[in-house]
1. From Thr69, Thr3, Thr43, Thr23, grab the single residue that is over 22 Å from Ile180 (Cα atoms), polar (S, T, N, Q) and in contact (Cβ under 8 Å) with a residue 12 or more places away in the chain.
2. Filter segment 108-130 down to the residues that are part of a helix (DSSP H, G or I) and not charged (D, E, K, R) and list them by number.
3. Kindly check whether there is at least one residue in segment 153-167 that is closer than 30 Å to Arg105 by Cα, among the β-branched types (Val, Ile, Thr), out of contact with any Asp or Glu (no Cβ under 9 Å at 6 or more places or on another chain) and in a strand (DSSP E or B).
4. Specify which of the listed residues (Ala196, Ala148, Ala230, Ala219) is small (Gly, Ala, Ser), within 14 Å of the chain's Cα centre (by Cα) and either part of a helix (DSSP H, G or I) or farther than 28 Å from Arg10 by Cβ (or both).
5. Just name the residue that is surrounded by the most Cβ atoms within 10 Å (Cβ to Cβ) out of those in segment 1-19 that are farther than 17 Å from Leu155 by Cβ and in contact with a Pro (Cβ under 9 Å, 6 or more places away or on another chain).
6. Determine if segment 199-215 includes at least one residue that is under 17 Å from the mean Cα position of the chain (by Cα) and assigned to a helix (DSSP H, G or I).
7. Quick check on segment 85-113: of everything there that is hydrophobic (A, V, I, L, M, F, W, C) and more than 17 Å from Ile176 (Cβ to Cβ), which residue is surrounded by the most Cβ atoms within 10 Å (Cβ to Cβ)?
8. I need the full set of residues from segment 193-206 which are within 22 Å of Arg86 (Cβ to Cβ) and either touching a residue at least 40 places away in the same chain (Cβ under 8 Å) or among the basic types (Lys, Arg) (or both), in order please.
Amino acid sequence: MLTLEGLHCRYGKVAAVRDLSFTVRQGELVSLIGANGAGKSTTLRAISGLMKPAAGRILFGDEDITQATARRILELGIAHCPEGRRVFPYMTVRENLEMGCYLRRDRQGIEADLKRLFERFPILFERRDQAAGTLSGGEQQMLAISRALMSRPKLVLFDEPSLGLAPNIVERIFDIIREIRAEGVTVVMVEQNAFAALELSDRAYVLEQGRVTLSGTGAELLDDPHVQQAYLGA
């Protein structure tokens, strides 16, 4: 479904991603783990069109999206749930959700999706007319996830979905991601909580200094001595 081939990304003269290659099959949940600065978020930004790679290719299905606009990538079915939630703080909850489907024109379908998301997240329904910036961190993360889902994506990119959240909210967020994957949506997730990410994942890649250094199933990497020492505190 998604293929990265020899991807290079730079910030000025600084190489953030170097010769990165990996694949994601339809219906999978694939995680990218690694230390801060390993190139994980940069990789997601390149996939979603927020930055242009210096070299390499990104394929989504049969289409080369390496130089595609973010709008075109969203049209194709890739949604990005960014690090730090990035809700529009002065817009209401409902207005934030409507921003997630601004490319859609099927009003009945939009209303049906809003209803379904409000049923999944009753707190968002209760606060639908409230400014998003006044929500708690967990509520904002639920809103950010819902906003991404409003585009009816085939693939969702999650960047640090548990960052800064209380433990009980983290558990709920991971349950939501598990549910999304069970509904047939493919997921690529960047997550500092390596143990939780690997438990959720069909497959995972370890990024170090912008390169893939290890890959395998989530279970295989949980048992890997290097992963245990470097990322699991074992």
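The values are calculated or read from the model by the stated rules, or taken from the named source; none is laboratory data. Computed from a predicted structure; not experimentally measured. No Cβ is skipped: glycine too gets one built from the backbone with ideal geometry, and neighbour counts run over all protein chains shown.
1. Details: Thr3 fails: over 22 Å from Ile180 (Cα atoms); Thr43 fails: over 22 Å from Ile180 (Cα atoms); Thr23 fails: over 22 Å from Ile180 (Cα atoms).
Every option except Thr69 fails the conditions.
2. Our first condition is that a residue be part of a helix (DSSP H, G or I); within segment 108-130, this holds for 108-120, 122-126.
Across segment 108-130, the qualifying residues are Gln108, Gly109, Ile110, Ala112, Leu114, Leu117, Phe118, Pro122, Ile123, Leu124, Phe125.
3. The answer is yes; a qualifying residue exists.
4. Values: Ala196 fails: within 14 Å of the chain's Cα centre (by Cα); Ala230 fails: within 14 Å of the chain's Cα centre (by Cα); Ala219 fails: within 14 Å of the chain's Cα centre (by Cα).
Ala148 is the lone residue from the list that is small (Gly, Ala, Ser), within 14 Å of the chain's Cα centre (by Cα) and either part of a helix (DSSP H, G or I) or farther than 28 Å from Arg10 by Cβ (or both).
5. Out of the qualifying residues, it is Val17.
6. At the first step, the residues of segment 199-215 found to be under 17 Å from the mean Cα position of the chain (by Cα) are 199-207.
After this cut, where a residue has to be assigned to a helix (DSSP H, G or I) as well, the list is 199-200.
Among the residues of segment 199-215, at least one is under 17 Å from the mean Cα position of the chain (by Cα) and assigned to a helix (DSSP H, G or I), which makes the answer yes.
7. So the first thing to find is which residues in segment 85-113 are hydrophobic (A, V, I, L, M, F, W, C), and the list is 87-88, 91, 93, 97, 99, 101, 103, 110, 112.
Among the residues that remain, those that are also more than 17 Å from Ile176 (Cβ to Cβ) are: 88, 91, 99, 101, 103, 110, 112.
Values: Phe88: 14, Met91: 15, Met99: 14, Cys101: 19, Leu103: 10, Ile110: 17, Ala112: 11.
Taking the candidates together, the pick is Cys101.
8. Matches in segment 193-206: Ala197 only.
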